[in-house]
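Values quoted throughout were computed directly from the atomic coordinates according to the rules given, and no laboratory measurement underlies them. From a predicted model like this one, the values you see are computed outputs, not experimental measurements. In this analysis, Cβ positions are derived from the backbone assuming ideal geometry, glycine residues included, and neighbour counts consider all displayed protein chains.
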């Protein structure tokens, strides 16, 4: 008799074992794979979907026969809680079946690019000085470069200050890294070179250390944006920068300090000297871009919300305080408008949506949500203030996505079933959880179209009793919490509809709906459709792509052609200011309601 079967969970690369008679859900849990299972494995929530790639499983149950279409059954889709292995098996887990704890903000779907970084390396051997050769060290270096076709090489003061010591330490052998005619770094011969890509989010930072010679990401890390201490959203930080004497400098310095810490930890993990990090690409919304670059932001907080700079920038790291190679430059892609920045450009680069011949909506959900519509070869964009509810802010028991946060919920047999991150006793509700909860209340006919609760108290719904929580207090959902979701979902849906109206389209014409960003990774699209945040399209038209802005930054780090794409996208986008659209307010009022489309 077989003692156990080997289970290969892809694309995670996680391996597990299952005894005969053990479900794939139990095997996944034992292997540390965070499969969603709101119902606890009884087959009612339909969350633990996966696809059999190789091997044999027990026959489809009646529950699965009811859940899956014929096409899905033929493709090998199963519910993990209903399936038991009959051999060694390999299964593929779609992103929507993973819990938020497994889907980090730094992850995103990637496609390879042809390597053509902005920097190049030259290995040189210089003649040592002698009584017969008294050229200065800089002249000696420039002469050697001239023999390689590099004329008038530029050396920045921080690198010039250590030139003599480096050349002597390396016995007059050196690998020079150049960005155009500027010398970026002087390294030992053959030394690998790396680049830094960063997505500067209003709430979180995502950073990647990339080998520029083979395109591989050697380390990645994330952190909270330290500017949160000075303002939860971009508007409050703009106000802080303007009203405090050194506010803007303070916001810049804490951000740079945090980026240096991320770089140091990644470099240590990958056993890389920060001096080997010779190039950088940083993306963020317009406010984050300006604060990082030391540009004025006051005008971003005042109508008509104009950016100081929309063109791309290439800035020296030694002036910013970033601890890369002393002569390194960082590239900041173009901005589109006051509230649609380089991060949205980066998302369009990563997804390739801007080149699609189909009708595509591509949006990145956050405190501020940026939306683009690609239709008939035209790109139009807008920005909507969706607020911080999806970060758990302004929600009574709201919290960020951390252990103990309720992240999934479903209505079942007269009550809401919930699941917390890492299955810890619940202590609050994160953004994806509150969206699911509102959808569940609608499914249970517990909400009026206005958002009012259909219960005796009328003001709050107890989700988890105090005896079940991790802090001894009940976790509840209030009427105000529901209103926060109404505001957020109406802003996003109204922005989508304005873009469609300007293009002469209805939402049925959308062929592909791309959802990017950290919250976009965590949310359940079915809940977003149920509450009216997204239009009612077939599920197969939705695609969740993770942190596409970070992926786009990496692609621009590896390819100057991708940077050219970013420039082209920015030149082609038609920005629509929602507040200037006469139809926006009626749409916003319409989609505040839960009455449906």
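Mind pulling the angle between the C-alpha long axis of helix 431-443 and the longest principal axis of the chain? Nearest 10 degrees, somewhere in 0 to 90.
20 degrees
Using packing as a proxy for protection, rank 260-273, 170-183 so that the peptide with the highest average count of other Cβ atoms within 10 Å comes first. Intermediate results must be reported in sequence, preceding the final value.
Details: 260-273: 16.4, 170-183: 18.5.
So the order, starting with the most tightly packed, is 170-183, 260-273.
Which FRET efficiency, nearest 0.05, do residue 575 and residue 319 yield, Cβ-Cβ r, R0 35 Å?
E(calc), rounded to 0.05, equals 0.70.
So if the hydrodynamic radius of segment 195-332 is defined as the Kirkwood radius over C-alpha pairs, what does Stokes-Einstein give as its diffusion coefficient at 25 °C and 0.890 mPa s, in µm² per second? Spell out each step's value before the answer.
Details: Rh = 15.3 Å.
Estimated via Stokes-Einstein, D reaches 161 µm²/s.
Which of the three applies to segment 332-479, rounded, prolate or oblate, going by the alpha-carbon gyration tensor with a ≥ b ≥ c and a/c under 1.5 meaning rounded? Before the final figure, lay out the partial values.
Numbers: a/c = 2.63, a/b = 2.07, b/c = 1.27.
Because a/c hits 1.5 or more and a/b exceeds b/c, segment 332-479 counts as prolate.
Go through 309-317, 515-523, 121-129 and give me the packing order, highest mean Cβ count within 10 Å leading. Provide the component values of the computation, followed by the final result.
Numbers: 309-317: 16.7, 515-523: 27.0, 121-129: 14.7.
Result, highest mean first: 515-523, 309-317, 121-129.
State log₁₀ I(q)/I(0) for the chain at q = 0.11 Å⁻¹ as given by the Debye formula over alpha-carbon point scatterers of equal weight, solvent excluded.
-1.08
For residue 170, project a label point 7 Å along Cα to C-beta. Then give me every residue of segment 220-264 with its amide nitrogen under 18 Å of that point.
The answer is none.
Enter the Cα centre distance for the pair segment 519-574 and segment 413-459, rounded to the nearest angstrom.
Each part reduced to its Cα centre gives a spacing of 28 Å.
Ordered by packing density, taken as the mean number of other Cβ atoms within 10 Å over each peptide's residues, highest first, how do 405-414, 441-450 rank? Show your work: numbers first, answer last.
Values: 405-414: 20.8, 441-450: 15.9.
Peptide ranking by packing, descending: 405-414, 441-450.
Set the Förster radius R0 to 41 Å, insert the Cβ-Cβ distance between residue 589 and residue 116 as r into 1/(1 + (r/R0)^6), and round the FRET efficiency to 0.05.
Rounded to the nearest 0.05, the efficiency is 0.25.
Apply 1/(1 + (r/R0)^6) to the Cβ-Cβ distance of residue 456 and residue 63, taking R0 = 35 Å, and write down the FRET efficiency to the nearest 0.05.
0.50
Would you mind calculating the gained length between residue 131 and residue 217 on full extension (0.36 nm times residue separation, minus the Cα-Cα distance), in nm to one decimal? Numbers along the way, then the final one.
Numbers: separation 86, 0.36 × 86 = 30.96 nm, distance 4.73 nm.
Extra length available between residue 131 and residue 217 comes to 26.2 nm.
Kindly provide the helix-only [θ] at 222 nm of the chain, computed as the sum of -39,500 (n - 2.57) over DSSP H runs of four or more divided by all residues, to the nearest 500 deg cm²/dmol?
Working: 18 runs with 178 residues, N = 597.
After summing the helix terms and dividing by residue count, I get -8500 deg cm²/dmol.
Could you tell me how many degrees, from 0 to 90 and to the nearest 10, lie between the Cα long axis of helix 548-558 and the main elongation axis, the longest principal axis, of the Cα atoms of the chain?
20 degrees
By how many degrees, between 0 and 90 and to the nearest 10, does the Cα long axis of helix 247-270 differ from the longest principal axis of the chain?
Taking Cα atoms only, the helix is inclined about 90 degrees.
Cα gyration tensor of segment 5-98, axes a ≥ b ≥ c as square roots of the eigenvalues: rounded (a/c below 1.5), prolate (a/b > b/c) or oblate? Intermediate values should be presented prior to the final figure.
Details: a/c = 1.37, a/b = 1.23, b/c = 1.12.
Taking the square roots of the gyration eigenvalues as a ≥ b ≥ c, segment 5-98 is rounded.
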